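In what follows, a single structure is set out as structure tokens and then discussed.
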Amino acid sequence: MTTSNHPFAGRVLDSALDAIGNTPLIRMDRIAKAHNLQCNLYGKVEYFNAGGSIKDRAARCMLEAAEREGILTPGKSVLIECSAGNAGMALAMMGCLKGYRTVIVMPDHMSTDKDLILRALGAEVVRAPDPAPKIVARKLAETIPSAVMLDQFANPNNPLAHELTTAPEIIAAIESIIGSDRPTSGKVDVVCASGGSGGTLTGVARGLRKLHNPDVKVIGSDSMGSVLAQPDTLNDSNDPICLEGAGLKFVPENLDRSCVSKWIKVTDAEGFGATVQIHRLEGLLVGGSSGAIVAGVLKYLKSDEGWKEFGGVEGKNVVALLPDGIRNYLTQEWLLNSFSDAVDSPYANEIEHALKFAQGQGSRSVSPPIASLVTQDKNLTDPATVTVPV
Ligand SMILES: Cc1ncc(COP(=O)(O)O)c(C=O)c1O
């Protein structure tokens with residue numbers, strides 16, 4: 001029997017911890033084609049991590065460093081963290097495996113889906129409106145016996161996780177296609193991420209620059225309403241941030257903004273629109289911040305500077321970090337709204353006939369209308385005809 005060369009193929013993993021990292025870098029040719037890009041566009045698809053997001057890497061690195069330093073005692077320590085959800089899930093998953101209770105403080109506008117997943121992992125979930133979650137988490141860390149707050153916003157092991165794992169994985173993947181039949185510059189030319197704790201942007205930028213390409217263009221995608229972008233004049237909206245994980249109302253210690261070559265502001269409509277396009281064109285079930293990141297990098301690649309240097313140049317390699325998956329947002333309005341373009345199915349008659357036929361064969365009656373709607377744009381088979389709202 002033959003096995004694939006997937007890092008997990010033909011191996012037994014000791015626990016879910018071993019299924020963190022080694023995520024795939026996947027070509028997004030259909031999105032690139034829809035935008036007439038000449039460069040290569042790739043997604044680093046992080047929902048393949050065991051806990052479902054890029055935050056598994058940071059949580060593991062922070063937690064294992066604290067264990068080495070003797071700060072944590074299995075069976076006794078209680079992990080407290082302020083999180084948009086993903087870091088909390090990663091810690092709760094590790095808590096299950098290693099014997100730590102977890103209390104996650106999450107802003108109240110974050111999705112119910114994440115709340116439920118946290119509870120499934122045995123975490124206690126505390127919801128509070130911004131900016132209270134950080135204050136609440138700190139207070140709980142002071143008052144709950146044996147509490148430890150790893151603090152993703154300031155812990156240096158968060159960006160280090162990306163410098164030591166995410167960046168080298170991207171480099172290895174891009175170098176592996178040198179000599180293939182697809183044009184390539186041989187290096188990572190552009191990378192794009194969003195800022196939550198700042199770990200991804202800072203760590204990936206450091207890793208790529210130190211190990212691979214000192215001139216890599218690092219694009220920071222930042223939601224309207226967030227204050228991370230520079231210059232500050234870009235942040236002129238006071239709106240709430242709807243895109244979870246793609247911006248903040250404060251600048252965290254772990255975000256080294258000197259790593260970022262250029263910030264691109266992204267509206268909710270652009271971010272969610274691009275998310276839906278990634279689902280429907282690439283079949284990749286990413287979450288909203290992935291769409292914001294892709295929308296941001298597309299805007300850059302289509303700008304005068306971006307087009308001349310990268311977007312319009314064959315072989316340039318552009319990597320978008322895709323932090324999490326659709327699982328975290330299944331009940332969110334933006335996703336449900338994306339089904340509102342449902343049209344009558346071209347197979348409506350056949351579906352109705354098949355359902356009636358099944359009833360005639362003794363099946364209990366089923367209501368056909370839901371089966372006779374499709375949400376797919378009928379032009380999707382030809383990506384070039386798709387209108388991408390970016
Ligand atoms: C969905 C999502 N996207 C992006 C990010 C940003 O990652 P980082 O915290 O490394 O800045 C986060 C962080 O929580 C997130 O949950």
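The values are calculated or read from the model by the stated rules, or taken from the named source; none is laboratory data. This one's a predicted model, so the numbers in the text were calculated from it and none came from an experiment. All Cβ positions, glycine included, derive from the backbone under ideal geometry; neighbour counts span all protein chains shown. The protein model used for the area step is the full one, side chains on, heavy atoms only, and it has no ligands, DNA or RNA in it. Shrake-Rupley method; radii C 1.70, N 1.55, O 1.52, S 1.80 Å.
For segment 187-207, the candidate set comprises residues that are out of contact with any Lys or Arg (no Cβ under 8 Å at 6 or more places or on another chain) and more than 23 Å from ALA87 (Cα to Cα); within that set, the residue that is nearest to the ligand (Cβ to nearest atom) is VAL188. Take the residues of segment 173-201 that are of a type in the set (S, T, N, Q) and buried (at least 24 other Cβ atoms within 10 Å of the Cβ): which is nearest to ILE293 (Cα to Cα)? Looking at the filtered set, the residue picked out is SER194. Of the listed requirements (1) open to solvent by less than 40 Å² (accessible area, probe 1.4 Å); (2) touching a helix residue (DSSP H, G or I) at 6+ places or on another chain (Cβ under 9 Å); (3) of a type outside the set (A, V, I, L, M, F, W, C), GLY315 misses just one: (2). Looking across GLU244, GLU282, GLU253, GLU270, one residue alone is open to solvent by 20 Å² or more (accessible area, probe 1.4 Å), within 13 Å of the ligand (Cβ to nearest atom) and of a type in the set (Asp, Glu). It is GLU253.
Is at least one residue of segment 154-168 in a helix (DSSP H, G or I) and more than 16 Å from the ligand (Cβ to nearest atom)? Checked against the condition, which is being in a helix (DSSP H, G or I) and more than 16 Å from the ligand (Cβ to nearest atom), segment 154-168 yields at least one hit. On inspection, VAL105 does not qualify as in the same structural domain as ASP222 (by TED's automatic domain parsing), in contact with a strand residue (DSSP E or B) (Cβ under 8 Å, 6 or more places away or on another chain), buried (at least 21 other Cβ atoms within 10 Å of the Cβ) and modelled with pLDDT of 95 or more.
Evaluate segment 322-337: report whether one residue or more is away from the ligand (no atom under 16 Å from the Cβ) and closer than 22 Å to GLY220 by Cα. Checking segment 322-337: not a single residue is away from the ligand (no atom under 16 Å from the Cβ) and closer than 22 Å to GLY220 by Cα. Has segment 43-53 got at least one residue that is closer than 20 Å to VAL191 by Cα and open to solvent by 10 Å² or more (accessible area, probe 1.4 Å)? Yes - at least one qualifying residue is present in segment 43-53. Would you say SER345 is at pLDDT below 90 and surrounded by 13 or more Cβ atoms within 10 Å (Cβ to Cβ)? It is true that SER345 is at pLDDT below 90 and surrounded by 13 or more Cβ atoms within 10 Å (Cβ to Cβ).
Here LYS265 meets the list (1) open to solvent by 30 Å² or more (accessible area, probe 1.4 Å); (2) outside any helix (DSSP H, G or I) almost entirely, failing just condition (1). The set of residues from segment 25-58 being of a type outside the set (A, V, I, L, M, F, W, C) and either farther than 16 Å from THR166 by Cα or without any contact (Cβ under 8 Å) to a residue 60 or more places away in the chain (or both) comprises ARG27, ASP29, ARG30, LYS33, HIS35, ASN36, GLN38, ASN40, ASN49, GLY51, ASP56. If you go through segment 1-46 and keep only what is among the basic types (Lys, Arg) and closer than 17 Å to LEU322 by Cβ, you end up with ARG27, ARG30, LYS44.
Filtering segment 231-245 to residues that are touching a helix residue (DSSP H, G or I) at 6+ places or on another chain (Cβ under 6 Å) and free of Cβ contacts under 8 Å to residues at least 60 places away in the same chain leaves only LEU243. Total residues in segment 1-29 satisfying the condition of being closer than 14 Å to VAL318 by Cα and touching a Lys or Arg at 6+ places or on another chain (Cβ under 9 Å): the figure is 3.
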